[in-house]
Amino acid sequence: MTEQPILQVKNMNKQFGTGCVNCLDHPEYLEKNYCPTCGTVYACRAINLEVFEGEILGIVGESGSGKSTLMQTLYFDQAVTSGEYYLDKYKSGQVNLYEAGVYQQKEVRNMLLGMVYQNPMLGLRMKFSSIANIAEKMIAANHRNVGEMTERGQELLDKVNIPIFRAKEAPQNFSGGMQQRVQIAKALSNKPPVLLLDEVTTGLDLSVQADVLDLIKTIQRDLKISMIVVSHDLSVIRMLADRTMVMYNGEVIEEGLTDQVLEDPQHAYTQQLVYSLL
Amino acid sequence: MTTRRNFAFLDENSKKEIRRTILKAIAIPGYQVPFASRELPIARGWGTGGLQVSLSLVGTEDVVKVIDQGSDESVNAVNIKKMITDTTGVTTTVHTDEATLIQSRHRVPEVPLKEGQTLILQVPIPEPLREVEPSEQKTKEMHAHADYSVSWLHLFEQIVKYGQASMHADYPVIVNNRYLMAPSPIPRFDNPKLHQNEGLILLGAGREKKIYAVPPYTNVKSIDFEDYPFERESFVGKACRLTGATDVYLDELKDEETGEAYYLINDQSYMLELLNKQEGVTG
């Protein structure tokens, strides 16, 4: 018996612009992923990915390679041009979530997914208390009990090493690392089976980075949550990811076990990426 | 030379458009229907929404009452009443149960409405989500998807900070189990009066160009949490100094001689009726 993936994306495409006779069906005409005639950007091209239970999938690639766009479509921040998206936990993986209604997407987003953005401004309400930020996702999932939500919020803040006495403080008073940890606590509030992490350690100093990475690793080990981790930092990927995908100009050019990809890169771009590591 | 003004000031086409808007508002309880707010001889933001609704509905048989924060005699109430009577010749009253049209700023009268009566509330900000979301397009989408979690979040934050809801007026409600609605800045003491009310309640925002409605016998529920249920302002242990009434919305005033605080019924026509009853005066 083969194991079933809990998250599956098939042949996903995302383009910005309508395309023209020159570029549609002629990928060789493009300059990188950009059509010089009509200006259409092909941000993601025929992406396939699978994530299994408890595993961390790493996605690496340079700026503009389509990593963040891919993540945003997984969290329904952006619509795709075409493609299929299935979650094992949602109607037994029978519904293509990219084509599902807004209500269904909202439900999946609130109940089955957690997202941690690179910029905490996107994921948090900076002027609301930290505990309210965590409660927001639970309220969206129709929880209406203040006592229960406060208790769960404090439990999560404790898990991400934020002292309980600062729970009523707004994230705008916190350091970058603490803000990221509040975001992680918020993402975990509804015990989602899948966590999406978009460049979570970028912009943090080294000791704080280590802190946050340690936390992510602990969460994965204790809660058996599957994760997709996007980063351009290979050492982050090396530390966290079981499997890795390399994206370049909107395409997946290489994928495999993280050790294999990083130690024995096959594609020219991956080789350049690995050897340019300082 | 004298020019004849149209009955109820507005021209017939404007009144027809406003009445059509009102019909749509009644058909979708709690939904804000846009309308072409007309210019009036008073500035927008001074009750023009309520006034346009009143002027569009008033007929020769109507009896009109105008209140401003519980008072029939404040400058605002008197002038709006004057404008309606000067342009229509209808009779006015201070007694809630005698009126057919009641225009009010920031209060629902203490005397319950009956079938056939219409309460018109003046609204400064009709959008209950405006404070958390400045974009009209976004709030429209939120209403379309009934995505109101942010209002509960707001309430949650107040409970975390102050141990209770800190909104005293304009406390948001869910109408007919569907739309989140700003009840206009009535004290939250008045919120329960909207629920299953026998009269028709219309809300008009002139500056924001929106009309919405709570039809008779509609469910209206103030937002709350299971363990922090909605509560009205508490006047426990306080009573009106003149009438002794306790189950009404009270104003706190200061006795200039003794410096002590005392309380009076905010709804002044109701206080007058109570006093007359107590002293055996009729009429």
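Just so it is clear, none of the values below were taken in a lab; they were calculated from the coordinates. Everything quoted here is computed from the prediction, not taken from an experiment. So basically every Cβ, Gly included, is an ideal-geometry build from the backbone, and we count neighbours across all protein chains shown.
In terms of Cα to Cα distance under 17 Å, which lysines are near enough to A:Lys67, apart from those fewer than 8 places away along the same chain?
Reachable lysines: A:Lys10, A:Lys14, A:Lys32.
Just flag the chymotrypsin sites (Phe, Trp or Tyr not before Pro) in region B:186-254 sitting in loop per DSSP whose Cβ has no more than 12 other Cβ atoms within 10 Å.
On the way: sites: B:Phe189, B:Tyr212, B:Tyr217, B:Phe225, B:Phe230, B:Phe235, B:Tyr249; in loops: B:Tyr217, B:Phe230, B:Phe235, B:Tyr249.
Passing sites in region B:186-254 are B:Tyr217.
Report the chymotrypsin sites (Phe, Trp or Tyr not before Pro) located in region B:13-81 that are in a DSSP loop and have at most 15 other Cβ atoms inside 10 Å of their Cβ, or state none. Display every interim value, and only then the final one.
Details: sites: B:Tyr31, B:Phe35, B:Trp46; in loops: B:Tyr31, B:Phe35, B:Trp46.
Filter output for region B:13-81: empty list.
Using 0.36 nm times the number of residues separating A:Asp233 and A:Asn145, minus their current alpha carbon distance, what extension gain do you get?
27.6 nm
Projecting each Cα onto the charge dipole of the protein assembly as shown (Lys/Arg +1, Asp/Glu -1 at the beta carbon, about the Cα centre), which of B:Ser166, A:Leu273, B:Thr96 comes out farthest on the positive side?
B:Thr96
Between A:Val21, A:Val194, A:Val160, find the one with the highest GNM mean-square fluctuation for chain A; connect C-alpha pairs within less than 10 Å.
Among A:Val21, A:Val194, A:Val160, the largest GNM mean-square fluctuation belongs to A:Val21.
To the nearest 20 debye, what charge dipole does the protein assembly as shown have about its Cα centre, counting +1 at the Cβ of each Lys and Arg and -1 at the Cβ of each Asp and Glu?
My answer is approximately 1200 debye.
Which percent of the Cα-Cα distances in chain A go past 34 Å?
Every Cα pair in chain A considered, those over 34 Å come to 21 percent.
Kindly provide the trypsin sites (Lys or Arg not before Pro) of region B:104-145 that DSSP labels as loop, not H, G, I, E or B, and whose Cβ sees at most 16 other Cβ atoms within 10 Å.
Loop-located and lightly packed - B:Lys114, B:Arg130.
On average, how many beta carbons from a partner chain sit within 10 Å of the beta carbon of a residue in B:151-162?
6
Please report the spacing between the Cα centers of region A:207-278 and region B:190-265 in Å, no decimals.
Spelled out, the Cα-based centre of one part sits 59 Å from the other.
Enumerate the calculated ³J(HN,Hα) couplings along region B:164-174 in order (Karplus 6.51 cos²θ - 1.76 cosθ + 1.60, θ = phi - 60°), each rounded to whole Hz, writing x wherever the residue is Gly or Pro.
6, 5, 9, 7, 9, 10, 6, 7, x, 10, 9
Kindly identify chain B as rounded, prolate or oblate by the Cα gyration tensor criterion: order the square roots of the eigenvalues as a ≥ b ≥ c, call it rounded if a/c is under 1.5, otherwise compare a/b with b/c, prolate if a/b is larger, else oblate.
Since a/c reaches 1.5 but b/c is at least a/b, the shape of chain B is classed as oblate.
Once a ≥ b ≥ c are taken as the square roots of the eigenvalues of the Cα gyration tensor of the protein assembly as shown, is the result rounded (a/c under 1.5), prolate (a/b larger than b/c) or oblate (a/b not larger than b/c)? Could the numbers behind the result be given before it?
Working: a/c = 3.28, a/b = 2.05, b/c = 1.60.
Since a/c reaches 1.5 and a/b is larger than b/c, the shape of the protein assembly as shown is classed as prolate.
Give, to the nearest whole percent, the P(r) tail of region A:1-47 beyond 12 angstrom, counting all Cα pairs.
63 percent
Per chain A: cysteines with no other Cys C-beta under 4.7 angstrom?
A:Cys44
Can you give the Rg/Rh ratio of region B:52-179, where Rg is from the C-alpha atoms and Rh is the Kirkwood radius?
Result: Rg/Rh = 1.07.
Mind checking the angle between helix A:102-111 and chain A's longest principal axis? C-alpha axes, 0 to 90 degrees, to the nearest 10.
60 degrees
Can you report the principal axis dimensions of region B:234-283 using only the alpha carbons, biggest first, rounded to whole angstrom?
Taking the Cα atoms of region B:234-283, the three principal extents are 35, 26, 15 Å.
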